[in-house]
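This report concerns only the one structure given below.
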Amino acid sequence: MSLENSSLRELAAALAAKQLSSVELTQRFLDRIAAANPALNAFVTTDPERSLAQARAADARRARGDATPLTGIPIAHKDIWCAKGWRTTCGSRMLANFASPYDAHVVERFDAAGAVLLGKCNMDEFAMGSSNETSWFGPVKNPWNPAFVPGGSSGGSAAAVAARLAPAATGTDTGGSIRQPAALCGISGLKPTYGVVSRYGMIAFASSLDQGGPFAKSAEDLALLLNAMAGFDARDSTSLDRAPEDYTRLLAAPVPGAPADRPLAGLRIGLPRQYFGAGLAPDVAEAVETALAELRRLGAATSEVDLPASDLAVPAYYVIAPAEASSNLSRFDGVRYGHRAAEYGDLVDMYCRSRAEGFGAEVKRRILIGTYVLSHGYYDAYYLKAQKIRRLIAEDYARAFAQVDVIAGPTSPTVAFEFGAKTADPVQMYLNDIYTIPANLAGLPGLSIPAGFGAGGLPVGLQLVGNYFDEARMLAIAHQYQHVTDWHRRAPAGY
Ligand code: GLN
């Protein structure tokens with residue numbers, strides 16, 4: 001098997017057996033990036049010398065005998081994570097020349113594990129988008145077909161892993177930005193329970209929804225990555241102080257006592273009625289039904305569950321997320337860091353011009369909406385109402401998880417769409433996240449894995465949403481599915 005298609009475990013074994021060095025492995029991926037990135041635009045920044053220096057240090061560490069499973073493995077970071085000395089743009093002109101003076105907790109964790117930072121990945125501006133068309137650095141192309149979007153906002157990370165330009169990558173998911181691009185690019189992606197991965201050093205979009213997580217080819221790889229990413233961090237007030245977990249521990253046997261040929265026997269999977277109705281494209285429905293049949297063959301039982309408040313999730317999200325964004329983005333004022341207009345009159349004019357030039361149209365739209373819904377006289381009607389809907393959505397899930405162990409359905413209503421198809425109508429763009437947003441509002445973990453192909457040979461994603469802190473079991477269910485299917489091994493033609 002080629003290095004590009006190897007799992008993280010296989011790469012670690014090859015490094016341990018001295019079949020190759022981290023320097024060679026890193027150089028291999030840097031070469032692939034240099035060849036493919038001009039067409040894909042998945043990376044905003046690479047710094048080969050810096051990456052190779054980290055690879056040399058990883059080789060030395062391995063030679064000393066204190067390697068972790070990720071020592072020497074190259075990993076790409078979404079350009080929302082601050083990495084010391086690296087340009088950290090968040091996909092915005094506002095931060096186009098910002099070099100971070102410190103590391104995000106997640107970056108520290110990967111450094112501590114000995115992973116190699118391969119480069120920073122393109123993304124929708126400030127993580128606002130579902131197609132990667134809002135990036136100041138231009139759109140990312142979907143490696144399955146460059147006329148189609150890779151999904152967003154973590155589109156660069158997803159495209160990089162799909163095109164085998166990186167063995168793994170990080171992303172963030174506020175309303176679907178890990179799961180949706182994973183689905184549209186045919187790879188695996190996980191959004192953990194809110195609070196499991198520290199947000200320290202992750203440029204804030206909507207703080208009560210933002211959660212970091214990994215992208216990889218397989219669920220097994222995601223588990224290894226989450227082992228490194230997760231953990232308490234006192235610098236994030238919403239970071240959860242829990243005992244560390246080994247997220248790989250259930251991979252081989254998700255259901256205790258289940259027979260080897262029916263490893264999911266006894267597992268109850270809920271299918272939300274609201275996720276299989278109008279709005280779901282027939283090709284996606286068909287692929288998801290086939291995947292569900294496979295899960296039943298593995299022993300799982302499926303039954304319908306009701307999430308009656310689901311249709312309120314997108315409107316509630318588009319009040320809460322912009323409200324929090326309008327507050328978070330007020331720090332970009334042209335004074336402390338970020339873009340400052342070259343010409344201005346007084347101080348207020350400097351703020352106005354710097355923000356007018358530094359932010360793109362979608363970011364401005366969100367700031368305007370957010371400021372409006374938080375303003376006196378509208379707060380109760382919009383923001384408070386949206387928070388009540390948020391509670392209803394969490395209660396829907398609580399009722400469902402009294403009946404089933406995990407919820408399954410499509411990640412996205414359609415396969416990837418063409419560039420420009422939804423840019424004229426923001427609401428059409430927002431509706432892309434109809435199946436992913438509810439888990440963010442409730443703070444629940446969700447993952448997407450490849451489940452076949454739809455129209456135009458474009459990938460379809462299967463989503464699993466679990467109860468709080470049920471990542472290990474969700475990853476194990478996905479792993480068992482990947483044991484009997486090979487969708488996750490398919491690479492786009494030419495990569
Ligand atoms: N597409 C959604 C939005 O535009 C979600 C983005 C995200 O998860 N960061 O807000």
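Odds and ends about this structure:
- Residue match in the range 340-356 (condition: within 19 Å of Gly175 (Cβ to Cβ) and hydrophobic (A, V, I, L, M, F, W, C)): no
- Of the set (1) under 25 Å from Asn440 (Cα atoms); (2) part of a loop (DSSP other than H, G, I, E, B); (3) at pLDDT 95 or above; (4) not hydrophobic (A, V, I, L, M, F, W, C), all apply to Ser330 but (2).
- Those residues of the range 369-383 which are within 21 Å of Ser330 (Cα to Cα) and assigned to a helix (DSSP H, G or I), in sequence order: Ile369, Gly370, Thr371, Tyr372, Val373, Tyr379, Tyr382, Tyr383
- Of all residues in the range 362-369, none satisfies being away from the ligand (no atom under 16 Å from the Cβ), touching a residue at least 40 places away in the same chain (Cβ under 8 Å), surrounded by fewer than 23 Cβ atoms within 10 Å (Cβ to Cβ) and farther than 30 Å from Ala300 by Cβ.
- Residue in the range 480-489 that is of a type in the set (Lys, Arg), away from the ligand (no atom under 16 Å from the Cβ) and in contact with a Gly (Cβ under 9 Å, 6 or more places away or on another chain) present: no
- Checking the stated criteria, Asn122 turns out not to satisfy the condition of being surrounded by fewer than 24 Cβ atoms within 10 Å (Cβ to Cβ) and of a type in the set (S, T, N, Q).
Results for (1) part of a loop (DSSP other than H, G, I, E, B); (2) touching a strand residue (DSSP E or B) at 6+ places or on another chain (Cβ under 9 Å); (3) among the polar types (S, T, N, Q); (4) closer than 23 Å to Ser22 by Cα, shown as yes or no for each residue.
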{"residue": "Lys84", "(1), (2), (3), (4)": "yes, yes, no, yes"}
{"residue": "Thr89", "(1), (2), (3), (4)": "yes, yes, yes, no"}
{"residue": "Val107", "(1), (2), (3), (4)": "no, yes, no, yes"}
{"residue": "Met123", "(1), (2), (3), (4)": "yes, yes, no, no"}
{"residue": "Ser135", "(1), (2), (3), (4)": "yes, yes, yes, no"}
{"residue": "Ala158", "(1), (2), (3), (4)": "no, yes, no, yes"}
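- Filter pass, Glu343 being acidic (Asp, Glu), under 30 Å from Gly138 (Cβ atoms), surrounded by fewer than 16 Cβ atoms within 10 Å (Cβ to Cβ) and at pLDDT 95 or above: yes
- The range 10-40, residues that are assigned to a helix (DSSP H, G or I) and hydroxyl-bearing (Ser, Thr, Tyr): Ser22, Thr26
- Residue ranges of helices (runs of 4 or more DSSP H) in the range 386-488 with at least 3 members surrounded by 24 or more Cβ atoms within 10 Å (Cβ to Cβ): 437-442, 471-484
- On the stretch given as the range 109-138, residues that are in contact with a helix residue (DSSP H, G or I) (Cβ under 8 Å, 6 or more places away or on another chain), within 16 Å of the ligand (Cβ to nearest atom) and not charged (D, E, K, R) total 12.
The values are calculated or read from the model by the stated rules, or taken from the named source; none is laboratory data. Remember, predicted model here, so these are calculated numbers, not experimental data. As a convention, Cβ positions derive from the backbone with ideal geometry for all residues, glycine included, and neighbour counts pool all protein chains shown.
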